Structures are given as structure tokens and as C-alpha cells.
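The values are calculated or read from the model by the stated rules, or taken from the named source; none is laboratory data. The model shown is predicted, which means the values in this text are computed figures rather than measured ones. A quick note on method: Cβ atoms are made from the backbone with ideal geometry, for glycine too, and the neighbour counts reach across all protein chains shown. Side chains included, ligands, DNA and RNA excluded: accessible areas come from the protein's heavy atoms. Shrake-Rupley method; radii C 1.70, N 1.55, O 1.52, S 1.80 Å.
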Amino acid sequence: MDESSGIELTKRQKRFPSIRSDVKDDLFVPEEDNSLYFTYSGAANVLEVKDLCYQVNLNAQIPWYEKLAEFKMPWEWNKGAQTTAMANLNLKVTSGQMLAVIGNSGCGRTTLLDIITCKDEGGKIKSGQILINGKLISKQLVKKSIAHVRQDDQLLPHLTVRETLSFIAKLRLPRSYSEQQRQKRVDDVIAELRLRQCANTKVGNAYTRGVSGGERRRVSIAVQLLWNPGILILDEPTSGLDSFTAHNLVITLSRLARGNRMVLLSIHQPRSDIFQLFDLVLLLSSGSTIYSGTAKDMVQYFSSIGFPCPRYSNPADFYVDITSINYRSKEEELETLERTRALAEIFGEKVKDFDDFLWKVNEGNRELPSSEPCVDTSNNRVEKVIKIDANEVDELPKGFHQFAVLLNRHISNDFRDLTTLLIHGFEAVLMALLIGFLYYGQGGNRLSIQDTIALLFMKGSLTPFAVVLDVVAKCHSERAMLFLELEDGLYSVTPYFFAKVIGELPEHIAFVVFYSVPIYWLANLNPGVDCFFFNFFLMWLLVYCSRAMALWMSALLPTLQISSFMSNAIFTASYLTGGFIIRLDTLWAVPFWISFVSFLRWGFAGLMQVQFTDLTYPIKIGNFTVSVPGELIIQSMDADLYPLYASYLVLIAISAGFLLLYYISLRFVKQKSTQDW
């Protein structure tokens, strides 16, 4: 062994005393990293789970619309199907440690993390406690101390990595931070998570080329790391990644843990070089603890109870397989359930006298990772500790600042999506040209009365219908990210609502211009300048009513299909009571009253008055030509029941009503990608 190798081994042994000099035979050699860790400089945290028993009602997790499809009565929806998801679970983790929760599918990994972060739904804690620094968990306490990285990355695809983090920094860091301090924090996080090479690359998604899967996952971690949390919880962080990328990601998490931070992650069956990076391992099966202790002692524990790991086998794979439930037949299921129950009882007996519930080789030699930070921070700069506690909540950006940041982010993301913008623009222009050139053959002659009336109704109904499906699809693609950001307290509903409504106005105006203006001139409608602007404003309101209605349906209803169906149903009701398909005075009671809130009815009446007022139309009857006043045409279509300004006021009121319903839905309906209420 040369001198440099000896020095390196000495350094490793000082930091990890359990490492033997015979490193070739030691499977559990921690990765060394001499980088400057992003250290949490707050007080050390302790997470304790004591005798946790948790039950889940499987029927309560089935969406209501699926229950309706099964023809079940409402009082039968949540009956039965109670199952125990956690049984007498004990756990204790401190800062400086990385705990991996492993086990087969359905063992309770994600459920445990959801319970700790107060995001469990459809279940109930029957007994036990979860404590953070001796305090019972609550949603307020979790928001102050825990950062939760979900399994699915919810990021805006058309922003770069740096822009994504910059916008989050403006929302998450206290108002006392200057712009230079925020950017410095962003640069530090980018450097710590090895994102420099892709800092100016779009995040991307399944349809937009961007960063790689591993880089996207690190961006999701960076979003949470910006406010420097003391506890970092990750749900399946390596899901969907190749083995090399997953290994590098866990190395990053290990480095974060050594910076006086507690890291908890769920992972299915990690490969051996990932398994050796874990400080602590919790092996679950059917909600029961099969093993809890250091990763390097896991093989020795199972060997001591008669389950030695075969040579050259991955301990994680071998022991997860042993504790998996085999549902192939009833006999095999009962056999595997009995084995896991016995293993859980054996482990409970071995750790019942330990206050940290961790198995140890012997009482005198615990060989546990130190809870103190493993880096020398004497040369590190001193930075403000960002802790969201009761005294500092008021210092976080609120109100107009959140609105300004969200508006900027919304516009930046939407206007980078050139493909969608071009498609929408092309759609508007194509529809306008098809309709306009259909009537262009009249040349300089005015259209006939019948053709003009049909054109006005078609013009006011085709485009709003095309907008509905686009808005519903876009909102449902964003709602999962909206739900997570609202749940994390990144901003409140009110600034998001105004940023969403105002941020879409430029696209809305451009769409109406591309559609309405070509038709107006190609079809040779009323040439008056004032009539042109009155016509355009009516079209703007008509399309906006349709957009606002689609926003409401998207926020209110759980799935894309239901939102699209109800939006089409409301639009169809407005279309049929619009005054063109059937005369308003012949409608029976129900559709007659519906016509008063039909935005197509008020838009059509307004377009009729703008077009025909003060004009006369010649009609040939045999050899005679009769001039018909435009007012008479308006009267014949029942479009003169109210003055022109009433059409504008009612359309504005209907738009405001839909927007109010949209705000209420955002406020009181959880905006998850799939609802289960």
C-alpha cells in the first residue's frame, strides 16, 4: 500500500471508525466526498414514532364517482374494508442520519412517510404518537421543520432550472432577504446538488425536451432545500432512474444528511452499492417492523436468527424477498404472513429494552452514526438559519409579492411554450379564414339578412366552444403542482387566482384578434369603426365567459373527463337557448329561465344590434324592391328586448360569476390530479 493510499485510509477511518483496514472485504465502505456540505446550522432534530397503530378504510379511498358507477347508496360508501396499515411501529432518528424505509409493495413505506408529514388520507391513527423534538406532530409543525419531496416531480416544464429555483426562492425565503442573497442561496443549492451543468436548461416533461430524469429529481430536492430544512423526507426518490443515476442521487442525500440534517426516504429494493450508503434501515412487511438498525449490521442480525444472506447476494433484495407476502394462493399467503408475523415478534423482543428501538450487535458497541454533523464548518461562511416558525411566518412574502412572482412565473412558462401558442394561433386563424372566405364570394355586396344572422350566431359560438377543451386540459395538467404548492404553503389561493386570471389575458386577447378580425372584414360586416370595436368587445366577452366557465369546471370536478363533459353540457345549454336555434318566446319554462344566464344569448343579441342598427336591407319581391330597416330585423329575432349596453353588462356579470365560482372551488376543493373526495 503506497503512502497516499495509507493517508486516504486513515482519513476514512477517522470519520468512520467502524471501517476495518481490510477494505476489500468490507461491503459497507461509505462514499467519501470532500465537497463543502450544505449544512443545516439549526439545532439538531429528533423524530420519534412510538407504538404507532394505523388503520385504513379502503372504501373511503375509492372516488365518489366510481362508487356511483357501482350503484352504491351514499350511506354504504365507507362501510367495511378496514385494514391495519401499521402495527406497533417504533422508530427514532436524529439529525446527521439517513434512514431508508424498505420493503415489498404494500408494506407501508409511503403510508409511514405520509403519516409523518400529516398528508395521510382515508386512514386514522388508532394509537401511538409521532413526536418531533418532543412535540406531537401537526400540520403547522411539519411545515416549519420538514421538507417533503414527492415521488412525482411537479415542475413547470418551460422554465430553466435556475429560473425554477429563483421563483421558489422569491416565494419561500423571508422578505428581509435581498435579491442578491436570494440568488446566492440559489447558486449554493445548484452547486450542492451538482446542477451547474444544466442550470440554464429547461426542466422539460414527457412532451418537452429538458434535463434528465436524475437531474429533474435533484431539482425537486433543490426546491425543498432552498429554505434549508432540518428534516428532509423523500418518497421513492430513485423511482424511474437508472442504477447509476440512482446511486449518485443517494450519494447526494447522504452528503446532505452529514450536514446536520435528518434524511428519511422510502425505497423498494436498493442495489448493494446504494444499500451501503444508508446509515439506518427500516424493513417493513404488512406494516410491521422486521428490522430496524444500521445497514451494516442487518446481515449479522438475520444470520443470528437463522437467515444468513447468501454470498454475493444483495442483502436488500434477499431480505425483502423473505418478508414479502405471496398472494399466489391462499396457502402461500397464510404461510408468508405467519413467517413475517414471527419475524416481527422476534425483532420486537430483541429491541424492547432499547429506547431508540434499534438493534445493535451488543450493548457496549452500538456503532451508530453520530448525530453530530460530520463536517468541519469552521471555515464555512455563517448564513442565516431559515426556519418557518411562529415568529417568522409574518416575514415570508405575502399578498402582492406572491401575486407578482406567480404572474411572472406564469407568463414566463406559457410564453416559452411556443408549440402550444402556435397551435392555438393557427387554430384561430384557420377557423377565421374558413368562415371568412365562405362569405367572401359576395364581393363588395352586403350579405343577405339570413346569411348575416347565421354568420353572427356561428361566429359567437364556434370559438368559445374551441376554447373550452383547451382550458380544461391545461388546468388539469397543472392542478397536481398547484395542490402540492398550496399544501406546502408556498403561496395562498388568492394571489394564484389573480395571477392565473391576469396572466392568461394576453393569450386570450391575441386569440380573439386572430379569430374575430379576419371574419369581420372578409364577410364585409358593418363597416363603421365604432361597430367594429363594439363587435370585437362582444366577441372578447363571449370567449372569456366560455374560458371562465371552463376554469370553474376544471377546479370543481375531479377528472379531465368529467370536467370536459360538464363544460360541454353547460355550453350546449347556452347554445340551444341562444335565440337562434329556437325562438325565445316559444321556449317552455325551464329553458326560458336558462336563457337568462346563457352567455351565447346575450352575445348574439348584442351582435345583432351592433350589425343591424341604422342599416337598411333591400329585399326583392318579384319586380319590387322593399327596404327593410335593421331595427325590424332585430325585432323579428327578439334581440331588442334589452338595450345594447345590457348585453355588455350581463356578459361581464356572467364572467364575474364564473370567476367567483372558480375562486371558491380553488379555495375549498383540493386540486389533486385525481380527486378522492
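List of remarks:
- Treating r as the C-beta distance of Lys119 and Thr616 and R0 as 51 Å, the FRET efficiency rounds to 0.15.
- When each of the peptides 588-596, 562-570, 334-342, 143-151 is scored by how many other beta carbons lie within 10 Å of its residues on average, the order from highest to lowest is 143-151, 562-570, 334-342, 588-596.
- Label-point separation, Arg328 to Trp588 (7 Å along Cα→Cβ), nm: 6.4
- Antiparallel bridge percentage (DSSP; both residues within the chain; nearest 5): 65
- Cross-link pairs Lys139/Lys360; Lys144/Lys202; Lys119/Lys398; Lys124/Lys672 - those with Cα-Cα distance over 32 Å: Lys139/Lys360
- Pairwise centroid distance, computed over Cα atoms, of the stretch 289-303 with the stretch 256-273, Å: 16
- Accessible-area value, Leu490, 1.4 Å probe, nucleic acids and ligands omitted, Å²: 10
- Cβ-derived FRET efficiency at R0 22 Å, Asn408 paired with Ser41, nearest 0.05: 0.10
- Which of Leu632, Leu47 is most accessible, then next, and so on - probe 1.4 Å: Leu632, Leu47
- Label point at Asp51 placed 7 Å out along Cα→Cβ; residues across the stretch 323-353 whose backbone nitrogen lies under 18 Å: 345, 348-353
- Put simply, when 454-462, 109-117 are sorted by average Cβ atoms within 10 angstrom per residue, most first, you get 109-117, 454-462.
- Taking the protein heavy atoms of the chain in the context of the full set of protein chains, the accessible area attributed to carbon and sulfur is 59 percent at 1.4 Å.
- A crude spin-label estimate for the pair Gln180 and Phe624, with each label 7 Å from Cα along the Cβ direction, gives 8.9 nm.
- Asp353/Phe307 FRET efficiency (R0 30 Å; Cβ-Cβ; nearest 0.05): 0.85
- Heavy atoms of Lys135: accessible area, 1.4 Å probe, square angstrom to 10: 130
- With respect to the chain, whose longest principal axis is taken over its alpha-carbon atoms, helix 213-225 is tilted by about 90°.
- Separation in nanometres of the label points that stand 7 Å from Cα toward Cβ, at Phe437 and Leu641: 3.9
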